[in-house]
Amino acid sequence: MDTPWWQELWRRHAHITTPLRERGLECDIEFGLSAYIVRVALPDGSYLIISPPQEPPSERPPGDPEGWIVTREHPDDQSLFEVLYDSAPSDDPGASQRPEARHGGSTQPLVAAIDHRLGRLGLLPHPVSSSHLPVPVTPRTRPGRPKSR
């Protein structure tokens, strides 16, 4: 985590990890199928995966995709699989778009959707009131710090 490569990767995802860490959630960055993902540990043992579309691979830089997909899963309960948010554009002209598709790669609505769902589930260690939602930040304007392990 002390390498320039890791610090740059963390910085490119700080617009997602910073607001979630402010809520008391532990975040990590991993490589998914074809892009980097943010994995968020939840107090009940489940986790969130926040990722750009994995297939086909995107040419966009890490942390700045055309859309985001957020799922909640549990390692011991395979029946728990929930899509919390999906702003990824669909290549299938016959597929219906989810309402959040209009937000594309913007992180403010993504974090607000996570706040809403985790708040309803009682899984936010440090809830944030709706009047204090994060200001939209692009990956290039807000530096982040890697979490310590």
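The values are calculated or read from the model by the stated rules, or taken from the named source; none is laboratory data. Bear in mind the structure is a predicted one, so any value in this text is a computation, not a measurement. Cβ placement follows ideal geometry from the backbone for every residue including glycine, while neighbour counts extend to all protein chains displayed. Only protein heavy atoms, including side chains, enter the accessible area calculation; ligands, DNA and RNA are left aside. Shrake-Rupley method; radii C 1.70, N 1.55, O 1.52, S 1.80 Å.
Is it the case, given these coordinates, that V70 is of a type in the set (A, V, I, L, M) and crowded, with 17+ Cβ neighbours inside 10 Å?
Details: of a type in the set (A, V, I, L, M): yes; crowded, with 17+ Cβ neighbours inside 10 Å: yes.
Answer is yes for this residue.
Pick out the one residue from I29, I50 that is aliphatic (A, V, I, L, M) and in contact with a His (Cβ under 7 Å, 6 or more places away or on another chain). Lay out the reasoning, then the answer.
Details: I50 fails: in contact with a His (Cβ under 7 Å, 6 or more places away or on another chain).
Sole residue among the options that is aliphatic (A, V, I, L, M) and in contact with a His (Cβ under 7 Å, 6 or more places away or on another chain): I29.
To keep it simple, each residue is scored yes or no on (1) touching a Ser or Thr at 6+ places or on another chain (Cβ under 8 Å); (2) assigned to a loop (DSSP other than H, G, I, E, B).
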position: R11; (1), (2): no, no
position: R21; (1), (2): no, no
position: C27; (1), (2): yes, no
position: V38; (1), (2): yes, no
position: D44; (1), (2): no, yes
position: Q54; (1), (2): yes, yes
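Rundown of residues vs (1) more than 27 Å from L123 (Cα to Cα); (2) surrounded by fewer than 20 Cβ atoms within 10 Å (Cβ to Cβ), yes/no style:
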| site | (1), (2) |
| --- | --- |
| Q7 | yes, yes |
| R11 | no, yes |
| I29 | no, no |
| A41 | no, yes |
| L80 | no, yes |
| Y85 | no, no |
| A95 | yes, yes |
| R98 | no, yes |
| L110 | no, no |
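Taking P53, is it more than 27 Å from V128 (Cα to Cα), touching a helix residue (DSSP H, G or I) at 6+ places or on another chain (Cβ under 7 Å) and open to solvent by less than 60 Å² (accessible area, probe 1.4 Å)? Step through it out loud before you land on a result.
On the way: more than 27 Å from V128 (Cα to Cα): yes; touching a helix residue (DSSP H, G or I) at 6+ places or on another chain (Cβ under 7 Å): no; open to solvent by less than 60 Å² (accessible area, probe 1.4 Å): yes.
Taking the combined requirement at face value, the residue does not satisfy it.
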